[in-house]
Amino acid sequence: MKSRLFLLLWMCCSVLLTACENDEPTPQPPVEGSRTVLAYLASDNSLSSFALADLEEMRLGMEKVSANNVHLLVYIDSNSSPRLIELKNEGGELVENTVKTYENRNSVGVAETLEVFDDVFKNDEYRAESYGLIYWSHGDGWIPNPLPATRWVGQDGNRYMNISDLVTILSADAVPHFDFVLFDACFMQSIEVAYALRSFTDYYIGSPTEIPGPGARYDVLVPALFSDGEVALKVAAAYYTPYKEIYLGQWIQNDPWNAGVSVCVLKSSELEPLASITKQVLSDNTDSDELRSIVFDYDQRSKMHVGYYDFVELMQQLTDASGFAAWKQAYDFAVPYWQTTPKNCSGSTGMFSMEGSSGVSHYIPSSSHQSAAVAYRSTEWYKSAGFSKLGW
């Protein structure tokens, strides 16, 4: 009898102890209206001086943000001393705190980038109702390094981050869904990239062309990051407007702000319908080399590069009138914002007209770039949008 009583007491204690061990504190819900934005500046490259200037602009921009339920985290690696800092406005005074310093590192490596993301998004102090991400670096659209005469997104010395690496990072459990992702990098408004990232963000913001070295005017853009309403569209406008206001249509040495810019926003929820209608209306096999000579090319560097061709003009060539009308309606739903100055600037050829552009680039195969064509066939966009029927 005693042994049975002892066994019963032991079992009850075991259950209680187990329950206590698993009784983790329930996280508090985020503050209503709160937002956390991470600006990731992979700037251990030729843009390092621009990164430092942009950090100073972010300080100025944060001085204009009065909300106390927001967090702006900035990771910057500009040739030395990689660090994560927080910029805050406390009673009208800018406060800058160093959250963490890092050893010299590859800031475009998957493990290294994930460490920074964990330091932000696993920290309960930065939990929020909504999140934004800025990825700042060199960029070259969807095309994976090391294909010849191409880039990717993100450069640290001679190391690069491919879009597949970024997908791995954004898929991590600790990384939240973003309200918007802004690429402050060249050639990143590509349908192939946006489609690959559609599950991770509501809106995708970028430029289909080369952007001037200074990138965004962050003293103007930072307040937009923490605005209400259609935040992604306000961020895009804050990127574009400072260039528009002082646009001269020419490149002035040491003053790239006058050379213009283009900015486009894609709505992620409309990209799968866009892929579906694209697949429906495509014609049969076509001459891709001829298309490359006809369709507007955002990449002015040289024909040896893979090229970034205007998506709308491409579809005009690949569909009949009724098919294009149906497709264009879906495209317009997917593009809530598109603005460009009359000309943009290429570092290779100087100023060029943006006439005939619509804001989003698309790949067209070339008989001289077979390695790029092989890589393209592995993209989700190629598979979903039915470009195999063209023999691409």
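Brief remarks follow.
- Selection of segment 296-322 for residues being in contact with a His (Cβ under 7 Å, 6 or more places away or on another chain) and within 23 Å of Val265 (Cβ to Cβ) yields Asp299, Tyr309, Phe311, Leu314.
- Here Thr278 fulfils each of the conditions (1) closer than 26 Å to Ala373 by Cβ; (2) in contact with a Cys (Cβ under 6 Å, 6 or more places away or on another chain); (3) β-branched (Val, Ile, Thr) apart from (2).
- The residues of segment 280-315 that are hydrophobic (A, V, I, L, M, F, W, C), assigned to a loop (DSSP other than H, G, I, E, B) and modelled with pLDDT of 90 or more, listed by number, are Leu282, Val295, Phe296.
- For the criterion of being surrounded by 18 or more Cβ atoms within 10 Å (Cβ to Cβ) and over 30 Å from Arg59 (Cα atoms), Gly206 fails.
- When Ile211 is tested against (1) within 17 Å of Trp338 (Cα to Cα); (2) at pLDDT 95 or above; (3) out of contact with any Gly (no Cβ under 8 Å at 6 or more places or on another chain); (4) not aromatic (Phe, Trp, Tyr), exactly one condition is not met: (2).
- Each residue in segment 88-117 was checked for being surrounded by fewer than 19 Cβ atoms within 10 Å (Cβ to Cβ) and more than 17 Å from Met161 (Cβ to Cβ), and 15 of them qualify.
- Search result, residues across segment 111-131 that are touching a residue at least 40 places away in the same chain (Cβ under 8 Å), within 17 Å of Ala42 (Cα to Cα) and in contact with a strand residue (DSSP E or B) (Cβ under 8 Å, 6 or more places away or on another chain): Thr113, Val116, Phe117, Val120
- Looking only at segment 127-159, and only at residues there that are at pLDDT 95 or above and farther than 18 Å from Leu182 by Cβ, the one that is surrounded by the fewest Cβ atoms within 10 Å (Cβ to Cβ): Glu129
- Residue within segment 333-347 that is assigned to a helix (DSSP H, G or I), closer than 22 Å to Glu272 by Cα and without any contact (Cβ under 8 Å) to a residue 40 or more places away in the chain present: no
- None of Ala325, Ala330 is over 20 Å from Ser268 (Cβ atoms) and assigned to a helix (DSSP H, G or I) except Ala325.
- Under the condition of being farther than 17 Å from Arg35 by Cβ and in contact with a strand residue (DSSP E or B) (Cβ under 7 Å, 6 or more places away or on another chain), the residues counted in segment 198-210 number 6.
Listed here are the residues, each with its yes/no results for (1) in contact with a strand residue (DSSP E or B) (Cβ under 8 Å, 6 or more places away or on another chain); (2) under 30 Å from Gly33 (Cβ atoms); (3) crowded, with 24+ Cβ neighbours inside 10 Å; (4) of a type in the set (Ser, Thr, Tyr).
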site: Asp173; (1), (2), (3), (4): no, yes, no, no
site: His177; (1), (2), (3), (4): yes, yes, no, no
site: Cys186; (1), (2), (3), (4): yes, no, yes, no
site: Ala196; (1), (2), (3), (4): no, no, no, no
site: Gly213; (1), (2), (3), (4): no, no, no, no
site: Ala216; (1), (2), (3), (4): yes, yes, yes, no
site: Gly229; (1), (2), (3), (4): no, yes, no, no
site: Leu248; (1), (2), (3), (4): no, no, no, no
site: Ile252; (1), (2), (3), (4): no, no, no, no
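- In the set (1) touching a strand residue (DSSP E or B) at 6+ places or on another chain (Cβ under 6 Å); (2) under 20 Å from Ala372 (Cβ atoms); (3) not in a loop (DSSP other than H, G, I, E, B), the condition left unmet by Cys264 is number (2).
Here's the yes/no breakdown for (1) over 19 Å from Tyr195 (Cβ atoms); (2) surrounded by fewer than 20 Cβ atoms within 10 Å (Cβ to Cβ); (3) within 21 Å of the chain's Cα centre (by Cα):
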| site | (1), (2), (3) |
| --- | --- |
| Val235 | yes, no, yes |
| Glu270 | no, yes, yes |
| Phe324 | yes, yes, no |
| Asp332 | no, yes, yes |
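- Residues located in segment 353-379, provided they are modelled with pLDDT of 95 or more and surrounded by fewer than 19 Cβ atoms within 10 Å (Cβ to Cβ): Ser353, Glu355
- If you filter segment 29-60 down to residues that are of a type in the set (Ser, Thr, Tyr) and assigned to a strand (DSSP E or B), you find that the one that is nearest to the chain's Cα centre (by Cα) is Tyr40.
- Candidates Lys389, Lys328 - the one that is over 22 Å from the mean Cα position of the chain (by Cα) and either surrounded by 15 or more Cβ atoms within 10 Å (Cβ to Cβ) or modelled with pLDDT of 95 or more (or both): Lys328
- Single residue of segment 71-101 satisfying the filter (free of Cβ contacts under 8 Å to residues at least 24 places away in the same chain and not in a strand (DSSP E or B)) that is nearest to Ser34 (Cα to Cα): Gly91
The values are calculated or read from the model by the stated rules, or taken from the named source; none is laboratory data. Note that this is a predicted model, so its numbers are computed, not measured. A quick note on method: Cβ atoms are made from the backbone with ideal geometry, for glycine too, and the neighbour counts reach across all protein chains shown.
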